[in-house]
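Enquirer: Here's a structure for you.
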Amino acid sequence: MEQAICLSGLKTLIQKESRLAHSIHCFAHQLQLTLVAVCKKCLEVGELVLLVSNVLNVVGGSFKRMDDLRQSQAEKLQEALDMGEIDTGKGLNQELGLARAVDTRWGSHYKSFKNFINMFGSIIDVLDTIVVDARSLEERAKATGYLRKCQTFEVAFMLHLMRDVLVITNELNALLQKKEQDIANAVLLVDVARKRLQRLRDEG
């Protein structure tokens, strides 16, 4: 945070000295700005981001709910292990957290959507519990609305679509942040990402 303030202050000082000075964002930041601008024009994406954020706030709203979420995750993990659906080993099957997204970092949206999908069953369990045990009518009504919305085809489709789109842009973002990156290579990387997105549109 302090570094960001210093850089912002430095930019202001330079522009005071010379009004002709221009500030150019790094490749990764330009990608982030583009993603935010494009997604803000899509109502469905905006609704999904808002829904996921609201659900995570409700589910993570108390220590009890977080405990319920962990318990549900543990039970589902044990079921999957018993049925041989997942492998065991070092570093596998780590507990997932409620990853909250930040608009200026679209990589955080990828993590948020990915975790939401992986924890979907447990999130539904906690919402179910809130519907039954909530003390206030307002809380129960909110949980019921989120529960219904989360279980629609549209939300499931958008969650998986955005995860698949953002895994591509997230990889591009990581590559663009490398210190040795130059404009020629950045253009090639963007072209590769564009082709992957086009292939997703045509065949995905």
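Enquirer: Report Rg(Cα)/(2.2 N^0.38 Å) for the stretch 104-176, keeping two decimals.
Expert: Details: Rg = 15.2 Å, N = 73, 2.2 N^0.38 = 11.2 Å.
Expressed relative to 2.2 N^0.38 Å, the Cα Rg reads 1.36.
Enquirer: Using a cut-off of 12 Å between beta-carbons, work out the net charge of the residues near ALA156 (Lys and Arg +1, Asp and Glu -1, ALA156 not included).
Expert: +1
Enquirer: Here's another thing I want to ask about it. Test of understanding: what is the full-extension gain from ASP128 to ILE183, defined as 0.36 nm times their sequence separation minus their Cα-Cα distance?
Expert: Contour length minus the Cα-Cα distance gives 14.7 nm.
Enquirer: So, one more: Output the pairs from LYS149/LYS178; LYS76/LYS195; LYS111/LYS178; LYS41/LYS64; LYS64/LYS111 with a Cα-Cα distance over 32 Å in this structure; if there are none, say none.
Expert: Over 32 Å Cα-Cα: LYS149/LYS178; LYS76/LYS195; LYS41/LYS64.
A short reminder: the numbers here are calculations on the coordinates, not readings from a lab. Source: prediction; values computed, not measured. Reconstructed Cβ throughout: ideal geometry from the backbone, glycine too, with neighbour counts over all protein chains shown.
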